[in-house]
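Contents: one structure, followed by commentary.
The values are calculated or read from the model by the stated rules, or taken from the named source; none is laboratory data. Note that this is a predicted model, so its numbers are computed, not measured. As a convention, Cβ positions derive from the backbone with ideal geometry for all residues, glycine included, and neighbour counts pool all protein chains shown. Surface areas here come from the heavy atoms of the whole protein model, side chains and all, with no ligands, DNA or RNA. Shrake-Rupley method; radii C 1.70, N 1.55, O 1.52, S 1.80 Å.
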Amino acid sequence: MSESARLITINPTSIDDALVVEAGAALAAGKLVAIPTETVYGLGCNALDPDAIAGVFEAKGRPASDPLIVHVDGVAMADTLIEGGLPTVATRLAAAFWPGPLTMVLPKTEIVPDAITSGGPTVGVRCPAHPVARALITASGVPVAAPSANRFGRISPTTAAHVVEELGDRIDLIVDAGPADHGVESTVVTFEGDEAVILRHGALTAEALADHVAVREVGEADADARAAAPGHDLRHYSPRTPAIATTTTPGDATEGDIVYVAYDDRAIPLPGGWSFFSLGDRSDLELVARNLYANLRRLDAAAHDLIVIELTDAAGIGRAIDDRLTRAASGIVTTTDVALAGAVAEVLQAKPSPDPRRR
Ligand code: TXA
Ligand code: MG
């Protein structure tokens with residue numbers, strides 16, 4: 001780990017081979033290298049090097065119980081990590097969606113260190129679509145483990161500047177290739193027979209998957225499947241400002257320094273002191289997703305007393321957006337005006353007043 005990470009820029013439309021070779025060698029040598037992907041920036045390391053993996057967990061402050069995704073440059077490399085190679089159903093999905101934002105959780109081979117899988121028998125594998133990410137993996141000659149390049153529980157980075165903010169003093173190298181395309185993480189699936197079970201909604205929609213395979217969601221009551229997704233606790237992607245997710249508009253909630261986050265620029269009547277922030281146009285949720293984490297960072301920096309966020313309640317990429325917004329709100333979702341007003345009052349009461357006499 002260095003005092004401050006070296007930052008290099010690689011243009012994805014005109015890749016500088018010398019820089020790729022340098023960053024690939026750093027990965028192979030066990031360094032911690034933040035890499036661009038089409039979803040979010042990842043904190044990459046040699047997935048076959050237990051010391052490097054330990055460094056990733058330490059830099060992020062991530063509990064050892066939360067397994068890492070391993071990134072490959074193609075099916076041949078994936079086959080080295082998966083017991084018996086990719087099964088038929090996974091081969092079909094790889095043909096349809098790799099390279100791309102699909103992570104498949106499958107039984108691991110012996111070469112995958114236990115630290116990657118949190119001791120479990122399965123490994124999550126994905127082949128990223130970002131040309132710089134794939135070039136770096138190929139140059140390193142090894143599979144590359146990469147969780148999102150944020151401190152544990154925090155908002156995922158979609159630009160190199162976000163990575164600097166999160167981990168700049170804890171890692172060796174940051175490869176900047178511009179803003180991430182999708183802006184939300186990959187879709188994570190496991191398999192039950194020939195059925196794909198979605199463990200995390202992401203940039204690849206359930207609808208797109210369903211064109212190629214039978215798809216099932218992990219239900220709330222589905223304890224086994226949820227245990228297969230150990231990193232999925234409800235406080236994640238979190239701003240420091242308290243947040244509430246909602247499916248209704250504010251009605252007559254308490255006044256205060258509160259920002260109401262929704263879509264479009266339509267005028268919503270707001271209680272006194274509340275301001276309005278748009279995540280973008282409801283008719284272009286791909287764009288809402290792309291800008292989502294940067295917007296959450298911006299909202300957090302504004303240091304309001306409370307962020308109230310309207311869910312999209314939409315299918316497609318709306319599922320991934322709503323999942324992240326719900327986690328940003330630590331799982332607090334209100335579905336009626338009365339419940340929202342109550343939750344707002346509760347958060348404002350819990351907030352310590354700067355002047356104790358005015359409590
Ligand atoms: O788009 C992405 O997936 C990004 C970029 C960098 O590729 N990576 C990413 O990694 O989001 P991370 O570590 O932030 O999230 C990975 C998720 C975690 O929630 C983890 O629990 C789950 O994938 N996961 C990884 N391996 C798993 C396994 N063997 N079984 C079940 N879940 C697994
Ligand atoms: Mg993450």
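Data for the structure
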read-out: Near-label residues of region 157-195 by backbone N, under 11 Å of a point 7 Å along Cα→Cβ of residue 88; value: 194
read-out: Extreme residue, positive dipole direction of the chain, given options 74, 253, 205 (C-beta unit charges); value: 253
read-out: Contact order relative to length of the chain, as percent, for alpha carbon pairs under 8 angstrom and 6 or more apart; value: 19 percent
read-out: Degrees between helix 131-140 axis and first principal axis of the chain (Cα, 0 to 90, nearest 10); value: 40 degrees
read-out: Ranked packing of 3-12, 328-337, most packed first, by mean Cβ within 10 Å; value: 328-337, 3-12
read-out: Residues listed by number, region 155-176, amide nitrogen under 11 Å from residue 4 label point at 7 Å toward C-beta; value: 169
read-out: Accessible area in the full protein assembly, largest first, 1.4 Å probe, for 305, 114, 66; value: 114, 305, 66
read-out: Interchain or long-range residues, amide H under 5 Å from residue 200's placed H; value: 188
read-out: Note, ³J(HN,Hα) from phi for region 342-348, Karplus 6.51, -1.76, 1.60, rounded to Hz, x at Gly and Pro; value: x, 5, 4, 4, 4, 5, 5
read-out: Accessible area (Å², per residue) of region 243-350, counting only protein heavy atoms and a probe of 1.4 Å; value: 41 Å²
read-out: The chain, accessible surface, carbon-and-sulfur percent (1.4 angstrom probe); value: 52 percent
read-out: Long-range HN-HN contacts of residue 82 with modeled amide H, under 5 Å; value: 109
read-out: Cα-derived Rg to Rh of region 81-229, Kirkwood definition; value: 0.96
read-out: Two-site FRET efficiency, residue 22 against residue 54, from Cβ-Cβ distance with R₀ of 22 Å, rounded to 0.05; value: 0.40
read-out: For region 303-312, 3J(HN,Hα) per residue [Karplus equation, 6.51 cos²θ - 1.76 cosθ + 1.60, θ = phi - 60°, Hz, x = Gly/Pro]; value: 6, 5, 6, 7, 10, 10, 10, 7, 6, 6
read-out: Kirkwood-type radius of the chain, with distances r between different C-alpha atoms, in Å; value: 21.1 Å
read-out: Taking only Cα atoms of region 243-350, radius of gyration then Dmax in Å; value: 12.8, 37
read-out: Helix 88-97 axis, angle to the chain major axis (alpha carbon atoms, nearest 10°); value: 70 degrees
read-out: Accessible solvent surface per residue of region 130-194, calculated while the other protein chains remain in place, 1.4 angstrom probe, Å²; value: 29 Å²
read-out: Built amide H within the under 5 Å cut-off of residue 244, gap 5+; value: 307, 308, 309
